[in-house]
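Everything below concerns the one structure shown next.
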Amino acid sequence: MFARLGQSLDPALFWDYRATLLAGLVVNIGIFVASAMLASVLAVAIGVARTSRNRLLRGVSTLYAELFRNTPEYVLLVWAYYVLPLILSRMLAHKLAIGPVPAAILALGFAYSGFMAETVRAGLLAVPRGHREAALALGISHFDILRRIVFPQALRRMLPDALNQYVSLFKATSIVSLISVEDIMYQVSMINVEEMRPLPLYTGAALLYCAIIIVASQTIQALTRNWHRRGWA
Amino acid sequence: MTDPPATPALSVRNLHKSFGPLEVLRGISLDIAQGAVVTLIGASGSGKSTFLRCLNHLEQPTSGEIYVDGVPITDDIAGLRARLGMVFQQFNLWPHMTVLGNVIEAPLRVKRMPRPEAVALGRRFLAKVNLLDKQDEYPARLSGGQQQRVAIARALAMEPKVMLFDEATSSLDPELTNEVLAVMRDLARDGTTMVVVTHEMAFAREVSDRVVFLHMGQVEEDGPPAQVFGAPVSPRCRQFLSSVRA
């Protein structure tokens, strides 16, 4: 039984298509990096706004975070690909299309900015108020306080949580084939149409995802461990 | 004491502060002469800390005027704060910066001082609080008393007109309290203008030029320590002093 299972798992098949799969992986990584950057920038802005003293700013940013946190990534993906161009075309009175890759980056970037804004907010709130007051009392500007006093401390508190968000985001890139982005899953499906060997192909894709995430998160954790060693993280 | 200098270092006129319906400060007016050491005493809730925090607008006063060196404070809150040094009960050192980093941060950011100059200045003030050898340590590795002395050096590094101490020794063990009080005594001897909120009655009696007793957000008794501690006019002040002495 195991011999037959081994036969049908057939790692060689996966290996034969390495160039195609690698091309797909590059697309996944590209979309991940771009949407992670978009999500991080938006998350910082929204996270700061969430802790603002301005009620309007707080309200709008809360609404934003709730909207994107509670909408499934897949729905956002489809929306960004099919609906967003329609709206933009109407608004600009000019026919407009959004390619699958930009749509995927927008959808995943906005989706994860909602989650990550919460991480940013929690990190900012974890910095004791007294640290801010001491800086204010010295005449340091709000911007410098955020940049020099609050963020460096908040960042260290956010890191474990942010890392989890990035892992989820990378995993979420596996759905982009649904709007015909040519990522790993897309390539695997295409090969499967020809070979009719779902078992080695999809299992191989799963193991590949898993291996990449384990290696990446272990590396980042090792890099950040010395922060904790210094005793103030 | 009969002829106060023409321009007080700090003048407060009719300061009021309410938190919602609760009126914490009910019209405080004080002139603090250049070089004077003024201690504020009073029961918890009398408004001492709120008064201090209103002086540098960490709490926004509800009404009233504040003058530093005769200049009224209007919109330039950061400028006001830079001229008033503040030391907190909880030290509030920034844990991700070294001791020297804590001390030079404000001169670098607020005064835009070139780094070598700020470092020289920072080292001078660390020497003043006897902690030059700790300049490269992180705050977490210092004792409470050492942390508070760094906080004092950090406030001094802005070369403020007036130093405000908000219960600077209240979270320290007695033996650590003394090392901080010793630094404060040195500052007083050097002619630093100081407003000190404290529960250390011995310090108030020995070091200050003037003791102000606050009660329910108002100045209830105000005079030289010999008078306030020896023969207070206000019965409430007398009662407070006998309760803290007991």
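The values are calculated or read from the model by the stated rules, or taken from the named source; none is laboratory data. Everything numeric here is computed off the predicted structure, so don't read it as measured data. Reconstructed Cβ throughout: ideal geometry from the backbone, glycine too, with neighbour counts over all protein chains shown.
The table that follows gives values for the structure above.
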read-out	value
Of all residues making up region A:41-84, the number that are over 17 Å from A:Met116 (Cβ atoms), of a type in the set (Gly, Ala, Ser) and within 18 Å of the chain's Cα centre (by Cα)	1
Search result, residues across region B:202-246 that are buried (at least 21 other Cβ atoms within 10 Å of the Cβ) and at positive phi	B:Gly217
Strands (runs of 3 or more DSSP E) wholly inside region B:4-106 that include at least 3 residues being within 22 Å of B:Met184 (Cα to Cα) and within 14 Å of chain A (Cβ to nearest Cβ)	B:84-87
Pair list, Cβ < 6 Å and 6+ apart or interchain, from region A:17-41 residues that are farther than 18 Å from A:Ile175 by Cβ to residues that are surrounded by 13 or more Cβ atoms within 10 Å (Cβ to Cβ) and of a type in the set (Val, Ile, Thr)	A:Tyr17/A:Ile191
Number of positions in region B:106-120 that are surrounded by 23 or more Cβ atoms within 10 Å (Cβ to Cβ) and over 20 Å from the mean Cα position of the chain (by Cα)	0
Filter pass, B:Ala188 being surrounded by fewer than 19 Cβ atoms within 10 Å (Cβ to Cβ) and more than 14 Å from chain A (Cβ to nearest Cβ)	no
Positions within region B:121-149 being within 11 Å of chain A (Cβ to nearest Cβ), buried (at least 16 other Cβ atoms within 10 Å of the Cβ) and in a helix (DSSP H, G or I), in sequence order	B:Pro139
Helices (runs of 4 or more DSSP H) wholly inside region A:1-58 containing at least 1 residues that are small (Gly, Ala, Ser), touching a Ser or Thr at 6+ places or on another chain (Cβ under 6 Å) and modelled with pLDDT under 95	A:18-50
Residue count for region A:149-169, restricted to those that are in contact (Cβ under 8 Å) with a residue 60 or more places away in the chain and hydroxyl-bearing (Ser, Thr, Tyr)	1
Unique match (being under 29 Å from B:Gln60 (Cβ atoms) and either free of Cβ contacts under 8 Å to residues at least 60 places away in the same chain or more than 14 Å from every other protein chain (Cβ to nearest Cβ) (or both)) among A:Ala104, A:Ala172, A:Ala80, A:Ala134	A:Ala134
